[in-house]
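J.: Below: one structure in structure tokens.
The values are calculated or read from the model by the stated rules, or taken from the named source; none is laboratory data. Because the structure is predicted, anything quoted here is derived from the model rather than measured. Positions of Cβ are backbone-derived with ideal geometry, glycine not excepted, and every protein chain shown enters the neighbour counts. Accessible surface areas use protein heavy atoms only, side chains included; no ligands, DNA or RNA. Shrake-Rupley method; radii C 1.70, N 1.55, O 1.52, S 1.80 Å.
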Amino acid sequence: MSIELPKPIADYVEANAQLDVDGMLKPFAADAVVLDNGHRHEGHAEVRTLLEEAVVGAKAIFAPDTVRHENGQVVVEGLAHGDFKGSPIRFTYGFTLENNAITALEITT
């Protein structure tokens, strides 16, 4: 199923499919905040560490299948599969975009 994603999110998803940390980080604003698993990661250095450990380390690839706009966010849902307990798991990614960049991302299951 092909869905239409805003460019920064599409770029993130495409880079994620290749487990490309630099490509995944590129659409994020320098001061972006990522909330994942109850933890806050702020700025490129912290987001990079999260991506290296939680995404590339677990070979976690997110395959979005739905998108909607809700409360100022672009909410993207889909399965993530990889080398982690319970794989595949359905995730919800709530992206906040500003000036064609991801300024915030909240990841929930």
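J.: When you scan segment 7-28, do you find a residue that is within 14 Å of Thr108 (Cα to Cα) and not polar (S, T, N, Q), even just one?
T.: Checking segment 7-28: not a single residue is within 14 Å of Thr108 (Cα to Cα) and not polar (S, T, N, Q).
J.: In the set Phe95, Phe91, Phe62, Phe84, which member is in contact with an Asp or Glu (Cβ under 8 Å, 6 or more places away or on another chain) and closer than 21 Å to Val21 by Cβ?
T.: The conditions single out Phe91.
J.: Just for segment 79-102: of the residues that are in a strand (DSSP E or B) and open to solvent by 50 Å² or more (accessible area, probe 1.4 Å), which one is nearest to Ala60 (Cα to Cα)?
T.: Filtering segment 79-102 for residues that are in a strand (DSSP E or B) and open to solvent by 50 Å² or more (accessible area, probe 1.4 Å), the one nearest to Ala60 (Cα to Cα) comes out as His81.
J.: Let me ask something else about it. Count, please, the residues in segment 1-40 that happen to be touching an Asp or Glu at 6+ places or on another chain (Cβ under 7 Å), among the hydrophobic types (A, V, I, L, M, F, W, C), at pLDDT 95 or above and over 13 Å from Phe95 (Cα atoms).
T.: 1
J.: How many residues does segment 11-70 contain that are open to solvent by less than 20 Å² (accessible area, probe 1.4 Å), assigned to a strand (DSSP E or B) and free of Cβ contacts under 8 Å to residues at least 60 places away in the same chain?
T.: 1
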